[in-house]
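S.K.: Supplied in structure tokens, the structure appears directly below.
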Amino acid sequence: MLRRQEERKNFFDFLFERGLVYRYSQERFAQLQGGGQPYPSPTRIVGVNGQNFVEELIQPVLTPVVFSKEETARLEKLVRVYGKFLKVQFEFFKAVKAGEVNGFISELVRKMCTEDEWQFGLVNSGYDEILPFVRFDCLRTQDGFLVVDINSTRPAGVGDCVVLSRGYKEFGFDGRSFSLEQCFADAVRNCFEQWRKGKSGGDGYGVLVRKSDGDWHNFRILAECLNRAGFAAELIDNLDVSGFKTIVRSRIKEGDSLFTQLAGLYPDSLCVISPLYRRFLGNKLWMYLIHLPQAQDFFVERLGSEDFAFLKKFFPEIGIMDGNQICLADGRRVELTAKNRKEWVIKAPAGSSANGMIFGLMNEDRWRSLVSGDLSGCIVQRFYRSMEKFPVVGKNGEVAEENLYTKYGVFILGGKLAGCEVMARRHHIVHGARNTYFSVCFEERRPAEGPHVSYSDSNHPPSCKCWNCIGSASRFATDED
């Protein structure tokens, strides 16, 4: 696949023209100069609201990642159990608000919520799905997946994955992709059909995004997906929601003037997806509660012991900071300085986009400076690192295989396993930076010749000659740091 340089160039052009790009202000792009990939990604200048912006290809690896049947089945079970857990979270929130749960647990749940979420978190969105769009940020390890974060406010990355999946197929990859586009359209349709019962008027589907947003193209692509599914959907980048009945929102959170505009119409006059005031359901403190002995009876009673044990394995134990001590769920209190700092990362419970995260792997002086203050309320999570081998375009346009750190984004749309994105980077902190490679996951692949990728099922013997195992006995590289 993509053996010739001309094919690789055509592959990049295909993706670039269809919108696998990130949009930067010229000032921001200038700040990031030198931070891209060894092989430069195509760029272009576009006019946005009277200003020039730079659009750059999100550089892909040259093949998708292929999940084994066992991995896919395990993720499907996780999605099913997590759907049950979401309902239990809602029940838990109701119980705390009703005063049926008190003490430390009640305080934790209250801390998860903004004032408006605490007041309006139980408002009926008009549809059944508690969170129509969820993405688990995961690590893929030899022992399975570990969930390190939960995102639930918008379908970030879904449009990017739709385009890249199409690109892989267009350029010769004959595996089976996930039904990401269909799952997205079905989720929107089901939410609106439930919301509109008993209401008059038309449908009026819209995807709301600012023209200056970096992921504007992701949401433009989602509007196209809805149109291909038979919706009369519009991209609302003039920010006027009048006349619309259903809004798929982008990066619009509390404190944003657009959020206030939506809140004035929600839920009676406007179907908003994802629902407002439910961001607390993705708060990292739930990962702490899962491991807290005082809360487990509530979860086990409603989930069943088997499903609870299964879910718990996906969420590594975390601690809560009290001053400079780590409070673990089992009651132990440990001084932060007593831990090997390189094994830990400190985060805000409701943080996103790596903002404010303190990594133990950073410069020791910087680490000591950042942790010298009162960190009460932050969560402490073990810092896991996983590496895999990927074929990418090298500095001179050749195919180069590199061991890269990875993070997987598992999409749950409308309560279904819809697909998975992959971010891969030379740096151990993996997020959507300019020097991060991008890929998507396929469910399976028929044997075929071509450059190998080390994504074999770890249970395959070293002598296995299936396409996935050629040239590698193990999917995972060794991290020697």
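The values are calculated or read from the model by the stated rules, or taken from the named source; none is laboratory data. Note that the coordinates shown come from a computational prediction; the quantities given were computed from them, not determined experimentally. Glycine also receives a Cβ, built like all others from the backbone with ideal geometry; neighbour counts cover every protein chain displayed.
S.K.: Looking at (1) modelled with pLDDT of 95 or more; (2) of a type outside the set (A, V, I, L, M); (3) touching a Gly at 6+ places or on another chain (Cβ under 9 Å), which is the only condition residue 313 fails?
M.R.: The single condition residue 313 does not satisfy is (1).
S.K.: Ok, one more. Here is a check on your reading of the model: is residue 173 within 27 Å of residue 128 (Cα to Cα), in contact (Cβ under 8 Å) with a residue 60 or more places away in the chain and outside any strand (DSSP E or B)?
M.R.: No; evaluated as a whole, the condition is false for this residue.
S.K.: Taking the residues in region 138-160 that are modelled with pLDDT under 95, among the charged types (D, E, K, R) and outside any loop (DSSP other than H, G, I, E, B) as candidates, determine which candidate is nearest to residue 441 (Cα to Cα).
M.R.: 140
S.K.: Go through region 228-255 residue by residue and tally those that are surrounded by fewer than 17 Cβ atoms within 10 Å (Cβ to Cβ), under 23 Å from the mean Cα position of the chain (by Cα) and within 17 Å of residue 155 (Cβ to Cβ). I'd like the intermediate steps shown before the answer.
M.R.: Of region 228-255, the ones surrounded by fewer than 17 Cβ atoms within 10 Å (Cβ to Cβ) are 228-230, 232, 238-240, 242-243, 253-255.
So of that shortlist, the ones also under 23 Å from the mean Cα position of the chain (by Cα) come out as 253-255.
Subset that is within 17 Å of residue 155 (Cβ to Cβ): 253.
Residues that pass the stated criteria total 1.
S.K.: How many residues are acidic (Asp, Glu) and either modelled with pLDDT of 95 or more or in contact with a Pro (Cβ under 8 Å, 6 or more places away or on another chain) (or both) when one looks only at region 1-41?
M.R.: Of the residues in that region, 2 qualify.
S.K.: Next question. If only one of 15, 62 is assigned to a helix (DSSP H, G or I), touching a residue at least 24 places away in the same chain (Cβ under 8 Å), under 25 Å from the mean Cα position of the chain (by Cα) and crowded, with 20+ Cβ neighbours inside 10 Å, which one is it? If you could, list the steps in order and put the result at the bottom.
M.R.: Details: 62 fails: assigned to a helix (DSSP H, G or I).
Only one candidate qualifies: 15.
S.K.: Please tell me if residue 177 is hydroxyl-bearing (Ser, Thr, Tyr), farther than 19 Å from residue 274 by Cβ and buried (at least 16 other Cβ atoms within 10 Å of the Cβ).
M.R.: yes
S.K.: Okay, moving on. Could we say that residue 411 is crowded, with 22+ Cβ neighbours inside 10 Å and not β-branched (Val, Ile, Thr) here?
M.R.: yes
S.K.: Within region 98-137, which residues are aliphatic (A, V, I, L, M) and in a loop (DSSP other than H, G, I, E, B)? If you could, list the steps in order and put the result at the bottom.
M.R.: So the first thing to find is which residues in region 98-137 are aliphatic (A, V, I, L, M), and the list is 98, 101, 105, 108-109, 112, 122-123, 130-131, 134.
Answer for region 98-137, where residues must be aliphatic (A, V, I, L, M) and in a loop (DSSP other than H, G, I, E, B): 98, 101, 122, 123, 130, 131.
S.K.: Let me ask you something else. Can you confirm whether residue 216 is modelled with pLDDT of 95 or more and closer than 21 Å to residue 271 by Cβ?
M.R.: Judged against the criteria, residue 216 is not a match.
S.K.: Within region 165-222, track down each residue that is polar (S, T, N, Q) and within 20 Å of residue 12 (Cα to Cα). Break it down into steps so the answer makes sense when it comes.
M.R.: First, pick out the residues of region 165-222 that are polar (S, T, N, Q): 165, 177, 179, 182, 190, 194, 200, 212, 218.
If the condition is that a residue be polar (S, T, N, Q) and within 20 Å of residue 12 (Cα to Cα), then 165, 177, 218 are the ones that fit.
S.K.: With respect to residue 46, is the statement that it is in a loop (DSSP other than H, G, I, E, B) and either surrounded by fewer than 20 Cβ atoms within 10 Å (Cβ to Cβ) or basic (Lys, Arg) (or both) true?
M.R.: Criteria not met by residue 46.
Here's the yes/no breakdown for (1) modelled with pLDDT of 80 or more; (2) in a strand (DSSP E or B); (3) of a type outside the set (S, T, N, Q); (4) surrounded by fewer than 22 Cβ atoms within 10 Å (Cβ to Cβ):
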{"residue": "367", "(1), (2), (3), (4)": "no, no, yes, yes"}
{"residue": "391", "(1), (2), (3), (4)": "yes, yes, yes, yes"}
{"residue": "421", "(1), (2), (3), (4)": "yes, yes, yes, no"}
{"residue": "424", "(1), (2), (3), (4)": "yes, yes, yes, no"}
{"residue": "427", "(1), (2), (3), (4)": "yes, no, yes, yes"}
{"residue": "449", "(1), (2), (3), (4)": "no, no, yes, yes"}
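S.K.: Which residues, taken from region 104-117, are of a type outside the set (Val, Ile, Thr) and in contact (Cβ under 8 Å) with a residue 40 or more places away in the chain?
M.R.: Hits for region 104-117 are 104, 108, 111, 112, 113, 116, 117.
S.K.: Which condition number does residue 318 fail, the rest of (1) among the aliphatic types (A, V, I, L, M); (2) farther than 16 Å from residue 149 by Cα; (3) modelled with pLDDT under 90 being met?
M.R.: For residue 318, the exception is condition (2).
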